Structures are given as C-alpha cells and as structure tokens.
Amino acid sequence: MPKIPFSTRRYGRYYFRRRVRLLDGKDIHVIVPLSTCDGQEARERVAILTAQFDRVRRTVNAYFEQNQTLDADTIKGLFETELRNCLSKLIMELHDPARDPAARVREYRTMASAFDIAQRPGTGNELTEAQRRMLEAAGHDEMDVEWVACDLDRYCGKDTIADEMMALMAEGLGVEPTPAVVARMKHVHLQAMAETRRAAAALMETAKSAMAQVTTEREQLERDRNREAAQLALLVRAADDGNGLELRVSGATLSMAKSRMTHPEKTAYESRWSAGIVAIGRTLADALETVRRTLLRLADKEATLERERKEHQRSVDAHQEALRAHQDAVRDLDIRIANNNDAEKQIKQRLDTATEALNAAAAKDRQANAATLLQERWLTVISATASASDKVTIDDSGKVAVAPQLMASMPEPIRATIEKDAPDWARGVIQARHELAEARQQAEAAEADWKRKTEAVSAEQRRIEKSRKVLDAVVSGKWDVAITDGYMTMRHDSDTERRNVQRIPLADMEPSLLHAAQAFTHLSTTTDSVLELRESLKKERSALAKSQPERASQIEAEQRRTDDKVREVLRLPPGWGQGIGR
C-alpha cells in the first residue's frame with residue numbers, strides 16, 4: 001500500500017503526525033493516535049484530520065495577527081484537543097446504530113407499509129386491529145408494527161399532505177382542483193412515497209449482501225496474506241543453511257527439515273503454498289544449491305592453492321639462485337660497457353666530421369633556396385604589375401622604377417622586392433612590355449593611316465602573328481629553343497626518332513615578342529640551373545647518408561623538404577606566358 005501522508009505506523013497502529021511553523025516562528029509537533037490498524041481507515045481519518053488541522057492553524061494565525069500571544073504548550077494542547085474531538089465525532093458517527101444497514105432496511109420497510117395503509121380510502125392516522133393483523137401476516141414483528149403506527153401518525157398520514165399544495169399542483173397540470181382530483185393526487189403521492197421506500201429497502205438489502213461478501217473476501221485475503229507472510233518468513237530463515245532447515249526443490253514443491261521448525265512454522269509449511277511463493281522458494285533453493293556447490297569448489301581450490309604455494313616457494317628459491325648468476329653477468333656487462341664507451345668516443349669524432357660535411361650541404365641548400373625565393377618574388381612582381389606596365393620602367397642604374405601611386409597600392413613584400421636589384425630576365429620582361437606597348441602605339445598609328453600603308457600593315461600583322469605563334473610555342477614548353485647566328489632554332493619532342501626542327505630568322509620576328517621569348521628562354525635556363533643545383537645537393541646527401549646510415553632517414557626527410565620547396569618555387573602562376581603579344 002502507498003505511504004499515507006502525515007502519518008506514521010508503530011507496532012501495527014497508525015498515528016497522525018504533523019509539524020507546522022506559525023506566524024510567530026514557533027514549530028509545533030502534533031501526534032494523535034488514529035485508533036485503527038487498517039490502512040484504508042487510517043487514510044480516510046488522516047484526510048479528515050488534515051482538513052481540521054488546517055482550520056485550527058488558520059484560527060491560531062489569525063489570533064497572532066491581532067498581536068496576541070500564546071505559549072507553545074497551549075498551542076500544542078489546542079491542536080491536539082481539536083483533533084481528538086474531531087476524531088471522536090468521526091468514530092461515533094461510524095459506530096452509530098442508526099447507520100447499521102439492517103436498521104436502515106427496517107426503517108424503509110416500516111415507512112413503506114405506513115404509506116401503503118395511508119393511501120387507502122377512509123384510513124385515519126390510527127392503526128386498526130385488522131391493519132395490525134395484516135402487518136403481522138406480512139412479516140412485521142410487534143416492534144415493527146408500532147413503528148408503522150408512529151410513521152403513519154407523524155409522516156405518512158393523509159393530513160401530512162396539505163390540500164392547498166395538491167390543488168396548486170393540479171392547477172399547474174391544467175386540471176381543475178376538485179375534491180376528487182385532490183384526493184386522487186394524494187393517493188398517487190402516497191403510492192409513490194411507498195414505492196420509493198420499498199425500493200430503498202431492496203437496495204439496502206442488496207448493499208448489505210455485497211458488504212457481507214466484501215467482508216468475507218477481505219477476511220480471506222487477510223488470512224492468505226498472513227499465511228504467505230509466515231511462509232516468506234520461513235523461507236527467509238531457510239535461506240541461511242546455518243539454521244539447518246535444508247531448503248531443497250522436491251519435484252513441483254519444496255522440502256525442508258520439519259524437525260528444526262517451530263510450531264507456527266510447521267503450520268505455515270503444511271498450509272497451501274501459492275505459485276508465486278513456490279517460485280520464490282525454488283529460486284532461493286537453486287541459489288542455495290549453487291552456493292553449496294561453490295563452497296565445495298572453494299574448498300578444492302584452497303587445497304590446490306596450497307599446493308601451488310609450495311611449488312611457488314620452490315620456484316622462488318630457484319629464482320634467487322638464478323639472480324645470483326645474473327649479478328655475475330651484470331658485472332661482466334659493466335666491463336663491456338666501458339669498452340663500448342671508448343668505441344663511442346671514436347664514433348663521435350667521426351660524427352663531427354660528418355656534421356661539418358652536412359653543414360656545407362646545408363649552406364648550398366640555403367643558396368638554392370635563396371635563388372629560388374628570389375625568382376618567385378620577381379615572378380610575383382611581374383604578375384602584379386602586368387596590368388600597369390606603362391607605370392613600370394628601368395632607370396639608368398638598371399633598377400626597376402614604379403610610379404609612386406602604384407607603389408603605394410602594392411603589398412609590403414612586393415615593395416621590398418622592387419627596391420632590390422632585379423634579375424636580367426625581369427628587366428628583359430619589363431623592357432619587352434615597354435617595347436610591346438610602343439609596338440601597339442605604332443600599330444594604332446598605322447591603323448589610322450591604313451589606306452596609305454595597307455600592304456605594310458598586312459606584312460607587319462603577318463610578322464606579329466608569326467611571332468605570337470613562336471612565342472606561344474616557346475611558352476608551352478613543348479619546344480626546345482636556341483638563339484644563335486641571327487636564327488631561332490626550335491626543336492619539338494613529339495617524335496623520338498624524327499625530330500621536328502624549325503629555323504626562324506630573328507629579322508622575321510616582331511622585336512617585343514622576340515625580347516619576351518628571349519626573357520622566357522633565360523628564365524628556363526635559370527630554372528634548369530636551380531634543378532641542377534638540387535640534383536647536385538641530392539647526390540651529396542645520398543653520399544652522406546651512405547657514410548652515416550644512422551642519419552639516413554633524417555637526410556632523406558631534408559631532401560624531400562628541399563624537393564617540395566623547389567617544386568613550389570618553380571611553379572609558374574596560372575596562365576603565365578599564354579597570349580603574350582596578343
């Protein structure tokens with residue numbers, strides 16, 4: 001059963017318990033016995049006392065709000081007195097004989113008989129002898145007959161119903177209230193009252209039978225609960241083999257040693273066992289059997305452990321002997337370590353020599369990185385100034401000069417690079433841009449005078465177109481280019497057996513595009529030099545790795561980082577060289 005609020009249970013009996021803090025800050029603890037051992041009755045009584053407790057608390061708080069004081073004992077006594085009086089009234093009402101179902105049935109039956117007699121014509125408020133004999137024949141005893149007489153005189157007679165009320169009811173129904181109509185309505189009213197009391201008596205009889213059945217079922221349930229509680233207590237004691245009950249499974253039931261039981265335990269054991277209790281007992285018996293088998297295994301294991309302990313002691317003795325032999329071996333090892341230290345000093349000297357060689361290789365690597373970084377920075381400068389080539393020139397000292405406004409818009413790394421000396425190929429590209437710009441100006445002037453110089457312009461256009469194709473072929477990287485003796489020699493690698501060779505006179509090419517091709521050729525030569533330097537460094541590191549195998553992985557990692565830097569530096573910007581001169 002769920003816990004009942006504001007209650008406690010002690011020795012099977014229920015108590016009302018409540019604590020409250022009043023407006024003056026005092027804590028009052030009230031405990032009142034509920035005079036019952038039944039949980040349902042205790043729940044109902046607690047609900048009533050809780051409501052009464054709240055009413056008393058409001059009254060006491062109102063007393064304090066009027067600036068009047070009471071001591072704690074007085075307040076506690078006030079609460080306990082009110083709650084005890086409320087509980088006493090409740091118990092008296094519950095045990096009032098008038099609330100007995102049998103008494104209520106007799107009351108309804110006597111009133112129904114009184115109404116039956118009153119509705120007959122010519123009946124007064126007194127019972128006649130004939131009516132008394134009729135009531136006795138109907139099953140009423142002498143006391144019931146007297147109650148019928150009393151009800152007829154006080155509640156059920158014709159004079160208890162006023163003629164004026166019946167007349168008003170008749171008028172309400174649209175009927176003329178004649179004496180006959182009023183008498184008929186009285187008869188109908190008394191008949192209805194009799195049927196109502198008779199139906200109430202029958203209903204109370206049914207309720208009485210149902211209550212008796214519920215009471216019987218509750219008593220049987222209580223007996224079953226007590227029996228199962230005793231059986232569970234027996235199982236709890238049997239769960240300890242030290243009590244000697246020897247709980248075991250015997251077919252579909254349980255078996256225990258009756259000689260070790262008390263008389264109440266024997267009674268519970270011999271009573272009927274429910275399926276749930278048997279299932280619990282079987283589970284407990286199985287668990288006990290498992291524990292018994294486990295104890296036997298533990299005993300065997302303890303004996304085995306004792307044998308293993310003795311074997312272990314013998315192993316320890318042998319280990320100590322081996323330890324002494326190991327200490328002798330350690331002393332020999334110390335002598336060997338001293339010899340290895342001398343050899344280590346010699347190896348260190350050789351390592352210093354190899355380190356010097358590695359430093360020299362690193363210096364060459366730095367030179368290669370510096371050259372690659374310089375080429376990359378000037379490529380960035382050339383790309384950044386491509387859209388404003390007219391604002392970039394070469395001064396008399398050979399340095400690149402940029403218009404102040406354009407220079408101010410450049411990032412700081414590009415400005416720092418421009419202030420340094422430019423490589424030849426960069427100056428060639430800038431110069432080629434200026435020459436290309438001049439050629440474009442000349443072309444624009446020639447276009448204005450195209451009617452006079454149609455043939456000259458067409459020839460110049462063919463020359464420029466041829467130069468563009470040559471320059472595109474050079475930039476594509478599919479042709480090997482060499483400029484000697486006034487000719488540009490181009491070789492294509494598409495066929496390994498028959499090489500496609502073209503010799504183009506330099507005089508047939510447009511000067512600015514020629515300069516651009518020469519600059520790109522110089523850039524390719526510089527790139528080849530960087531690659532050759534990388535290959536040289538790679539060979540030196542390979543030789544160093546062979547002389548120092550313990551550093552082979554480190555040297556190989558450094559070579560991979562160098563290759564990655566060279567590949568990243570030599571990677572031209574997207575579209576570089578495509579469409580120059582177009």
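The values are calculated or read from the model by the stated rules, or taken from the named source; none is laboratory data. The structure displayed is predicted, hence computed values, not measured ones. Glycine also receives a Cβ, built like all others from the backbone with ideal geometry; neighbour counts cover every protein chain displayed. For accessibility, only protein heavy atoms count, side chains too; no ligands or nucleic acids. Shrake-Rupley method; radii C 1.70, N 1.55, O 1.52, S 1.80 Å.
Annotations
- Hull volume in cubic angstrom per residue (convex hull over the Cα atoms of the range 7-95): 85 Å³
- Entries of LYS26/LYS76; LYS3/LYS208; LYS538/LYS565 with Cα pairs more than 21 Å apart: LYS3/LYS208
- Per residue, the accessible area of the range 521-573 comes to 63 Å² when a 1.4 Å probe rolls over the protein heavy atoms.
- Loop GluC sites (Glu not before Pro), the range 496-565 (other Cβ atoms within 10 Å of the site Cβ: 11 or fewer; DSSP): GLU497
- Fraction of accessible area attributable to carbon and sulfur, the range 521-573 (%, probe 1.4 Å): 52 percent
- Cα centroid separation, the range 417-482 to the range 172-201 (Å): 133 Å
- Taking the 1.4 Å solvent-accessible surface of the range 7-95 as the whole, the part contributed by carbon and sulfur is 47%.
- Length gained when the stretch GLU171-ALA543 is fully extended (0.36 nm per residue, less Cα-Cα span): 120.2 nm
- Ranking of THR521, THR385, THR196 by solvent-accessible surface, largest first: THR196, THR521, THR385 (1.4 Å probe, protein heavy atoms only, all chains present).
- Approximate shape of the chain as ellipsoid semi-axes (Cα gyration tensor, √5λ), whole Å, largest first: 123, 57, 29
- Hydrodynamic estimate: the Kirkwood radius of the range 521-573 over Cα pairs, inserted into Stokes-Einstein at 20 °C and 1.002 mPa s, corresponds to D of 178 µm²/s.
- Taking all protein chains together and rolling a 1.4 Å probe, MET261 ends up with roughly 20 Å² accessible.
- Taking Cα atoms only, the orientation of helix 511-547 departs from the longest principal axis of the chain by about 70 degrees.
- Helix 39-65 axis, angle to the chain major axis (alpha carbon atoms, nearest 10°): 80 degrees
- The residue among ALA384, ILE277, GLN346 whose Cα reaches farthest toward the positive pole of the charge dipole of the chain, with charges on the beta-carbon of Lys, Arg, Asp and Glu, is GLN346.
- Degrees, to the nearest 10: 552-570 long Cα axis against longest axis of the chain: 80 degrees
- The smallest convex shape that holds all Cα atoms of the range 211-297, its convex hull, gives 89 Å³ per residue.
- Extension gain, GLN349 back to THR8 (0.36 nm per residue minus Cα-Cα distance, nm): 113.5 nm
- Nonlocal amide H pairs with ALA422, under 5 Å, H built at 1.01 Å: VAL400
- Helical content of the chain, expressed as a calculated mean residue ellipticity at 222 nm, amounts to -24000 deg cm²/dmol (DSSP H runs of 4 or more residues, -39,500 (n - 2.57) each, divided by residue number, nearest 500).
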